[in-house]
Amino acid sequence: MSDRIQSIRGMNDVLPADNAAWTTLERTAARVFAAYGYEQIRLPIMERTGLFKRAVGEVTDIVEKEMYTFEDRGGESLSLRPEGTAGAVRAGIEHGLLHNATQRLWYVGPMFRYERPQKGRYRQFHQFGVEAFGQTGPDVDIEQIALSSRLFAALGVSGLRLEINTLGTPDERAEYRDALHAYFSAHTDTLDADSLRRLDRNPLRILDSKNPDMAELIAAAPTLREYLGQASSAHFDALCAGLEGLGIEYTINPRLVRGLDYYTRTVFEWITRDLGAQDAVCSGGRFDGLVEQLGGSATPAMGFALGVERVIALMQAQGVALADVAPQVYLVYKGATAEARVPVLAERLRDAVPDLRLRVNAGGGSLKSQFKRADKSGARLALVFGDDEAAADQIQIKPLTDRRPQETVALDSAAERIAALLA
């Protein structure tokens, strides 16, 4: 017998037993996004490699070490998307969505990065992305942070902490970059291998180091606030005032820089203590220069990404109530006459009771074995339809999760009675 083929390491199946949490998150997110006027866009999972090199940055870990990149049969370099913003911008430019217009968009789907799989970090992971184009802010910055806060509240997730920072404009950041380079160059004996590699190419990324041996050095480094101009300072002050007006608590973290090169001004993260080392569940910020960088007209933009697996892990850790996706009703039957009528009966019930989750027994079996399947399915009601019931145009309704008595009803009134029992 041949060896079984296993899934790729870091790329996981979502089994039916785990799907209730995904369904809860997906439905809730779609509802909250719509409440703020964001519309869904569906994007391909594969793009030309140059898109990510130009958008994410060639000296980021993502492009240097983590992208799944290959040449197709035509010799073109393609990559599985490691994040969603670049593709959203590419689509906006290509289809004219951003030309003299504002857009509020969201998307959801898999992203891919080659890194060491661990709890909360996978090679295929899923994200919701939320992007707004054409608004200079800080009103849209405040809106998106409020939106993310409302989403967590709607999910029943608690205990999250909001961290914010500003990265200023590219010119301000370039001046700050020079100051950081000078500072860390004077302490090269303290830098680890990753930081030494980043020193000349992108010293801001040193601030993102999780190495505890470097914490003291990083804490004493210059801060970007010292290099901000008046407009960037005013933008950040307005952001803070807006969050305070909404009663959203926050902490200013001057070391929050985010890992992608395209961010400008506002950056933020929602942090939890319930998931161990993988503490960020939602991250985002402004990327005012990215549209122009990718060939479009200068367009201000703001967005964030929400890690699906991390939010689901948080929901499970906190015991959040999940959407009920189990069958509500399980139909068992016995006899040739009853079996012949079951398909029509089941479709009439589905027509009469909108969104009814009705599972019909398949594969035959005794009534005893069918009832075992009904109990295992999680259904609240069993419908019993035998030849005697078929002859009398009746059906029996048996509660499976409480002690109410079994009852017999006419087929014409079965849908109304089922709806009442499930209400």
Open item on the list: Given a 10 angstrom Cα cut-off, can you work out which residue in 317, 34, 362 is the most mobile in a GNM of the chain?
Closed with: 362
Task: Simple spin-label estimate for residue 402 and residue 46 in nanometres, 7 Å along Cα-Cβ - done: 5.3
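Restricting to Cα atoms and excluding each atom paired with itself, what does the Kirkwood estimate give for the range 37-150 in Å?
Details: mean 1/r = 0.0646 Å⁻¹.
With all distinct Cα pairs of the range 37-150 included, I get 15.5 Å.
Counting only protein heavy atoms and a 1.4 Å probe, tell me what percentage of the range 185-317's accessible area is made up of carbon and sulfur. All intermediate terms of the calculation are to be shown ahead of the outcome.
Details: 2690 of 5660 Å².
Here carbon and sulfur together make up 47 percent of the probe-accessible area.
My understanding is that a pair violates if its Cα-Cα distance is over 24 Å; which of 334/398; 119/372; 65/119 do that in this structure?
Flagged as over cut-off: 119/372.
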Task: Helix-only mean residue ellipticity at 222 nm for the chain, each DSSP H run of n ≥ 4 adding -39500 (n - 2.57), per residue, nearest 500 - done: -11000 deg cm²/dmol
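Probe radius 1.4 Å, ligands and nucleic acids ignored: give me the carbon and sulfur share of the accessible area of the range 6-158 as a rounded percent. The partial results should precede the final answer.
Details: 3570 of 7430 Å².
C and S fraction of accessible area: 48 percent.
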Open item on the list: Which one, 99, 235, 126, has the greatest fluctuation when you compute a Gaussian network model over the chain with C-alpha springs under 10 angstrom?
Closed with: 99
Open item on the list: Net charge within 15 Å of residue 116 by Cβ-Cβ distance, Lys/Arg positive one each and Asp/Glu negative one each, not counting residue 116 itself?
Closed with: +3
Task: Net charge, residue 43 excluded, C-beta distance under 15 Å - Lys, Arg +1, Asp, Glu -1 - done: -1
Task: Entry for Rg/Rh (Cα atoms, Kirkwood Rh) (calculated from the structure that is shown) out of (i) 1.00; (ii) 1.10; (iii) 1.04 - done: (ii)
Open item on the list: For the range 189-226 and the range 380-396, what is the centre-to-centre distance using only Cα atoms, to the nearest Å?
Closed with: 72
TODO: Please give the helix 170-185 orientation as an angle from the longest Cα principal axis of the chain, in degrees from 0 to 90, rounded to the nearest 10.
DONE: 70
Open item on the list: Among 217, 345, 381, which one shows the highest mean-square fluctuation when the chain is modelled as a Gaussian network with alpha-carbon springs under 10 Å?
Closed with: 345
Task: Net +/- balance of residues flanking residue 203 in space, Cβ distance below 10 Å, scoring K and R +1, D and E -1 - done: +2
Task: Rounded if a/c under 1.5, otherwise prolate or oblate - the range 281-423, Cα gyration tensor axes - done: prolate
- [ ] Kindly express, to the nearest 10 degrees and within the range 0 to 90, the angle between helix 139-155's C-alpha long axis and the longest C-alpha principal axis of the chain.
- [x] 40
TODO: Mind checking the per residue accessible area of the chain for me, 1.4 Å probe, whole number of Å²?
DONE: 50
Task: Nearest 10 degrees, 0 to 90: helix 367-377 Cα axis against the chain principal axis - done: 20
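The values are calculated or read from the model by the stated rules, or taken from the named source; none is laboratory data. Just so you know, these numbers come straight off a predicted model, no measurement behind them. Every residue, glycine as well, gets a Cβ built from its backbone with ideal geometry; the counts of neighbours run over all protein chains shown. Areas reflect the complete protein model, heavy atoms only, side chains present, ligands, DNA and RNA absent. Shrake-Rupley method; radii C 1.70, N 1.55, O 1.52, S 1.80 Å.
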